Every structure is written in C-alpha cells, then in structure tokens.
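First the structure, in the form of structure tokens, and then the observations on it.
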Amino acid sequence: MEAAVHTSRLRRTYERGRQDPVVALDDLTLTVEQSEIHGLLGPNGAGKSTLIKILSTVLLPSGGSARILGHDVVADTRAVRSLAGLVLGGDRGLYDRLSARRNLLFWGALYKLDSRTARARAGALLERVGLAERADDRVERFSRGMRQRLHLARGLLHEPRVLFLDEPTSGLDPVAAAAFRRLVLDLRAEGRTFLLATHDMDEATALCDRVTLIDRGRSLLTGDTARAGRFLGDRECVDFDHGDPALAEALALLPDVTDVERRDGGAWRVHTTGRDGTRRILAWLLDRDVLTARRGEPTLEEVYLRTVGDRGMRI
C-alpha cells in the first residue's frame, strides 16, 4: 500500500544575501503510513512548519523529493492539493468579519466546489465540529477553541485523505484541546491520515501512533509512541514514594543510577542504567522498607528533553 506521506532526502534552504544560507531541512527522510496519526516533534526552528508547508505545496523544496499518496508535491501539485488538507493554529486563514459559514463558502470557491456542494459540506462540517448554532456569527466573536474547530472544518472541506496539523491546540484551554483531539481520533477512525506538528508531549502521547523527532532539519529518531522510552537504549526508571530527601541523595550515589528526579509531593523517579540496575535498585529500596517502588520506562517528554535538551523551551 502506498504511503500517505514519503519524503526522501528532502532539503530546504533560505538565502540570506551575502551570509550563509539557513538550512531548514537537511536531507530529511520520513514515511507516514495510511490511517496513521504521526507526531512531528522538535524545538522551535527544527523545521516542522517548513516540512508541512512543502507537503501542502505552499513552499517549494530546494532538493530531494516528497510524495503524498504517490503524487510528487512539485510535479503533481493539483493532485496533492486535492488529497491533502492543512489545519493551522491561531487566526491564519480565517476572516474575522465573515461568518463561519461564509468563511467555508469562500474556501469552497477556492477549491472550485460548486455552490450546492459547498453549502452542503459547509453545513455538515459546522454541525460536526459543534458550530452549527454559531454558523452565521462573525468569526471575530469566536473563542480560540471555536476558531480552531473552524480551522479543522476548513481543512476538511474538500474531503482530503491526508491532513497536516501545525500546532492545532496551541493556546487552547484543556477542555477545548480535549474536544479537538476527540475530533481528530474520530476522523482517523474513518481512514484519514494525520501528520501532527506539536510541542505538546501529552498531546503526542495521547494521539500519535508513531512520532518523529527532528532537530536542525534532520530526523533524530522515529518509532512507536507507546515504546518511546526505548529510544534511550536500555535505560529504565523506578518510581517510588518517600518523604525523606536523604534517601534520594543516597540513592543518587549508587553506580546503577544516572539521576534522581523529584516529582509532586513525596514521589521520586530514578533513571537506571538498565534492567540489571533496575533490579538492584528495587532490592536496595526494599531493604529500606520502601514498598511503593515500581518499574517504568522513560516518557516521551523525557526522551525529548534528553535528546534535544532545553533548546525546545527557547523562543
């Protein structure tokens, strides 16, 4: 079966006059299978938005190739635009002084939908994203969550099979973000494919089947989200509860321990050097009457921080 998205040594540079060009994508190879939600993670400036712009035919690559369901994004732009949809975050792509319905009808005209089809699809999509009762209100009156649901409706208007989401829940409150994620999962159940660029590790963990971590335009790793901890090799974790910091200080000196992290309340997480080390740490804690100790694996967020460092926190 043809991959939903495939890039091979994809490259994009930006010229800066007499200065050296900026390399946004550096021989990036990526595959997203059909009916998959694939997370694209990385710090600011890693190349996530550049990749999505190329895949959605907004930007031309400087080298390499990119294909959507077998269609080249440069040689077969018309087919790609009919197969793929772009969902942005914030206010980009919406017109505040138009109603939600008129926004969709405007985009329907750009997609060359006939008037009857555009109206039917706009009505159905507004109903689906929970905006039917506000369909004729100006977008300037919408909350951020409502705007984001309208973005999703706009991206679905021409019934694409592949959708690119660029930070879709950025700035949303937890309730609005959860509602948006449920919509994405429902759409994936219908057979649609998603490439999701996000900084939100909880979102990636909850939604994505696989993730790719990129930095400075290069792919650092790709794998199943549920097994993210294995990206760090043999490292494991031990979680336990104890109220005395002195015990954690003593634990940190053991050779099988890479570090000890304090969490909420009296909770601690110990990163070990591997399975044998984990067993020894569990026995050490049991000898000191710590009965809450349990094995674990590093989370996706820990993998991200250990791979990229704190550069992902910089604006």
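Within the span defined as region 46-56, every residue fails to be assigned to a strand (DSSP E or B), crowded, with 16+ Cβ neighbours inside 10 Å and out of contact with any Leu (no Cβ under 9 Å at 6 or more places or on another chain).
Checking the structure you have, find out if any residue of region 68-76 is modelled with pLDDT of 95 or more, of a type in the set (D, E) and under 19 Å from the mean Cα position of the chain (by Cα). No, there is no match, as no residue in region 68-76 is modelled with pLDDT of 95 or more, of a type in the set (D, E) and under 19 Å from the mean Cα position of the chain (by Cα).
Results for (1) crowded, with 17+ Cβ neighbours inside 10 Å; (2) under 28 Å from L10 (Cα atoms), shown as yes or no for each residue.
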{"site": "S219", "(1), (2)": "yes, yes"}
{"site": "T225", "(1), (2)": "yes, yes"}
{"site": "F240", "(1), (2)": "yes, no"}
{"site": "A250", "(1), (2)": "no, no"}
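Could you look through region 285-302, keep only residues that are surrounded by 19 or more Cβ atoms within 10 Å (Cβ to Cβ) and at pLDDT 75 or above, and pick out the one that is nearest to A204 (Cα to Cα)? Give the steps one after another, and end with the answer.
Going residue by residue through region 285-302, those that are surrounded by 19 or more Cβ atoms within 10 Å (Cβ to Cβ) are 285, 293, 298, 300, 302.
Right, trim to at pLDDT 75 or above and you get 285, 293, 300.
On the way: L285: 33, A293: 27, L300: 8 Å.
By that ranking, first place goes to L300.
Across region 183-202, the number of residues qualifying as buried (at least 23 other Cβ atoms within 10 Å of the Cβ) and farther than 18 Å from E33 by Cβ comes to 1. Elements of the type helices (runs of 4 or more DSSP H) sitting completely within region 244-315 and holding at least 2 residues that are over 27 Å from R227 (Cβ atoms): these cover 245-252, 275-287. Every listed requirement among (1) under 28 Å from T7 (Cα atoms); (2) touching a Leu at 6+ places or on another chain (Cβ under 7 Å); (3) buried (at least 20 other Cβ atoms within 10 Å of the Cβ) is met by A100 save one, (1). Of everything in region 57-93 that is closer than 18 Å to H151 by Cα and touching a Leu at 6+ places or on another chain (Cβ under 6 Å), the residue that is surrounded by the most Cβ atoms within 10 Å (Cβ to Cβ) is V87.
Report whether or not T205 is more than 21 Å from R81 (Cα to Cα) and either crowded, with 23+ Cβ neighbours inside 10 Å or without any contact (Cβ under 8 Å) to a residue 60 or more places away in the chain (or both). Break it down stepwise before answering.
On the way: more than 21 Å from R81 (Cα to Cα): yes; either crowded, with 23+ Cβ neighbours inside 10 Å or without any contact (Cβ under 8 Å) to a residue 60 or more places away in the chain (or both): no.
Here the answer is no, as T205 does not meet what is asked.
Within region 27-58, restricting attention to residues that are touching a Lys or Arg at 6+ places or on another chain (Cβ under 7 Å) and of a type in the set (D, E), the residue that is nearest to S219 (Cα to Cα) is D27. Annotation note: of L113, L98, L104, the sole residue that is over 21 Å from S56 (Cα atoms) and more than 23 Å from the chain's Cα centre (by Cα) is L98.
The values are calculated or read from the model by the stated rules, or taken from the named source; none is laboratory data. None of the values given here were measured: they were computed from a predicted structure. Positions of Cβ are backbone-derived with ideal geometry, glycine not excepted, and every protein chain shown enters the neighbour counts.
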